[in-house]
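Single-structure report; data block below.
The values are calculated or read from the model by the stated rules, or taken from the named source; none is laboratory data. Note that the structure is predicted; figures quoted are calculated from it, not measured. Every residue, glycine as well, gets a Cβ built from its backbone with ideal geometry; the counts of neighbours run over all protein chains shown.
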Amino acid sequence: MRGMRRVQITPLLLLLLAGCAAGGHEGHHPAGPYAGQQSRDIKALSEDEVRGYLDGAGMGFAKAAELNGYPGPMHTLEHADALALTGDQRAALDALLKRHKAEVRGLGAEVVRLERELDRVFAERRASPAAVDAKVAEAAAAQAKVRASHLKAHLETTALLSAEQRERYNRLRGY
């Protein structure tokens, strides 16, 4: 190629390039996996996770149902035409989805509140084994309610569909 200079690759150049590629130099310590997260409102939850809980998003909570042939209400309604849902099925699924979303948003707000309290226990230097056990148990119980709500919505959806519709749903979803 005209106008370009050739660079001879020497062991010293390779060593320098390797150091640059590793992202470090003498005396510099690479950032830890949580770097930047210390400024979060709730250290254990990302903004996306907080939003997911507050919006009642699925967040993978119903994978045990979804991937074992139990359709969820939202995706069933998204595929309503392809599944040939009847008017009654659509109405029942719409009501189920609205009821589920209202429930899971309230439950998700509780998870966020409890995670904020757990964070505050540490931020205010009030953490003790007993306080940690209590707060973690509360947050875990609230998260379990969120997950159970999502799973039960899949159970209710499945009961509203025929075997053929469930089979078609799985194909549409790529399972």
Open item on the list: Any residue at all in region 75-82 that's loosely packed, with under 11 Cβ neighbours inside 10 Å and either assigned to a loop (DSSP other than H, G, I, E, B) or modelled with pLDDT of 95 or more (or both)?
Closed with: yes
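Could you list, in sequence order, the residues of region 118-151 that are exposed (fewer than 15 other Cβ atoms within 10 Å of the Cβ), under 30 Å from residue 64 (Cβ atoms) and not small (Gly, Ala, Ser)?
Pass one, region 118-151, residues exposed (fewer than 15 other Cβ atoms within 10 Å of the Cβ): 120, 122-134, 136-137, 140-141, 144, 148.
With the extra rule that they be under 30 Å from residue 64 (Cβ atoms), the set shrinks to 132-134, 136-137, 140-141, 144, 148.
Result: 132, 133, 136.
Can you confirm whether region 93-107 contains a residue that is at pLDDT 95 or above, outside any helix (DSSP H, G or I) and under 14 Å from residue 154 (Cα atoms)? Let's see the steps before the verdict.
Pass one, region 93-107, residues at pLDDT 95 or above: 93-107.
Remaining after also requiring outside any helix (DSSP H, G or I): none.
Looking for residues that are at pLDDT 95 or above, outside any helix (DSSP H, G or I) and under 14 Å from residue 154 (Cα atoms), one finds none in region 93-107, hence no.
Any chance you could count how many residues in region 95-139 are β-branched (Val, Ile, Thr) and under 13 Å from residue 42 (Cβ atoms)?
Looking only at that region, the number is 3.
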